[in-house]
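The values are calculated or read from the model by the stated rules, or taken from the named source; none is laboratory data. Here the structure is a predicted model, which means the values were calculated and not measured. Here the Cβ positions follow ideal geometry from the backbone for every residue, glycine too, while neighbour counts run over all protein chains shown. The area values use the complete protein model at the heavy-atom level, side chains included, leaving out ligands, DNA and RNA. Shrake-Rupley method; radii C 1.70, N 1.55, O 1.52, S 1.80 Å.
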Amino acid sequence: MDLKDFLDAKVEEYNQPDFITLDPISIPHKFSKKQDIEISAFIASILAWGQRKTIINKCLELFAMMDNAPHEFMLNHTENDLKPFLNFKHRTFNDIDTLYFIEFFTWYYRNYESLEFAFLQGFSEDVNVMGKLLTNFHDFFFQLPDAPQRTRKHIATPKRKAACKRINMFLRWMVRQDDKGVDFGIWKTIQPSQLICPCDLHVDRVGRKLGLITRKQTDWITSIELTEKLRDFDPADPVKYDFALFGLGVEEKF
C-alpha cells in the first residue's frame with residue numbers, strides 16, 4: 001500500500017460522526033443557526049489548546065453564560081450581562097480577551113450577516129491566497145479602537161510566521177464539504193482546495209514521520225509545505241488528510 005492509499009484509508013476511518021464527540025468541533029455541532037455555528041466554532045477553535053476534554057468543558061461554560069444562544073447574545077446583551085465573563089479564563093485566554101471577542105462579534109453581527117465576509121478581504125481564486133486572507137482577517141478583527149494589545153496573540157497571522165493551526169482548523173470546519181457530517185461546509189466562496197492543513201503537535205509529528213514535512217521548525221511555511229504535499233494526493237480537498245494525520249497521532253500514538 002502506498003502512502004496515499006494508506007492515508008485515504010485513515011481519512012475514511014476517522015472522518016466519521018463518532019469523531020465529533022471527543023473533539024472541540026462538538027461545540028458548534030450543538031447549534032443549528034448559521035451565526036451560532038460560526039461564533040461557537042470560532043471561539044472553540046481559538047480556545048483549542050490543551051486537553052480536548054478541558055477545551056470542550058470551558059466552551060460549554062462560556063456559552064452557558066450566553067444562554068446557549070451566542071448570536072442572540074451578541075445582538076441584544078446589556079452591560080450587566082457582561083459581568084459573569086470577568087471570571088472566565090482558559091490558560092492564557094482571560095476576561096480581557098473574552099470581552100474583546102464579544103465586543104468584536106457584537107459590532108460585526110450588527111453590520112454583517114455571516115462571519116465569512118471577514119475572511120474574504122483580498123479574496124481571489126488563487127490556490128495560494130490563504131496567507132493574504134489570514135493576514136487581512138487579523139487586521140480586520142483588531143480594527144476596533146480599543147482592541148487590547150494582549151489579545152492579538154490569540155489570533156495567529158502569517159505576518160508573525162505562525163502556523164495558524166487554530167484558524168486553519170476553524171476554516172476547515174466552515175469550508176470543507178463532504179457527506180460525513182463532521183465539517184459543516186456552510187461557507188461557499190473559499191474553496192476546500194485553498195485551505196491550509198492545521199499543523200498541530202500531532203499532525204506535525206506524524207507528518208514528519210511520514211516524510212511530508214522536512215522543515216525543522218513549525219511555522220507558516222511548514223503548514224504550506226505539508227499542504228502542498230497533501231495537494232499531490234488530492235488537489236481538490238487536501239485538508240481531508242488532517243483527519244488521518246491527527247487520528248494517527250492521537251488515537252494510534254503513531
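Overall, segment 194-254 carries a charge dipole of about 260 debye about its Cα centre when +1 sits on the Cβ of Lys and Arg and -1 on the Cβ of Asp and Glu, all other atoms neutral.
Over 25 Å apart at the Cα level, from the set Lys30/Lys229; Lys209/Lys229; Lys4/Lys188; Lys153/Lys240, are Lys30/Lys229; Lys4/Lys188; Lys153/Lys240. Comparing Gln51, Gln35, Gln194 in a Gaussian network model of the chain where C-alpha atoms under 10 Å apart are linked, the largest mean-square fluctuation is found at Gln51. The alpha carbon radius of gyration of the chain, expressed as a multiple of 2.2 N^0.38 Å, is 0.98. A helix-only calculation puts the chain at -14000 deg cm²/dmol for mean residue ellipticity at 222 nm, using -39500 (n - 2.57) for each DSSP H run of at least four residues, averaged over all residues. In a simple Cβ point-charge model (Lys, Arg +1; Asp, Glu -1; nothing else charged), the chain has a dipole of about 960 debye relative to its Cα centre.
For Arg160, the accessible surface of its heavy atoms amounts to roughly 120 Å² (probe 1.4 Å, protein chains only, rounded to the nearest 10). Using the 1.4 Å probe convention, the accessible area of the chain works out to 45 Å² per residue with neighbouring protein chains retained. Per residue, the average separation of C-alpha pairs within less than 8 Å and at least 6 apart gives segment 69-141 a relative contact order of 24 percent.
Could you please state, rounded to a whole Å, how far the C-alpha centre of segment 147-195 is from the C-alpha centre of segment 38-116? Between the Cα centres of segment 147-195 and segment 38-116 lies a distance of 17 Å.
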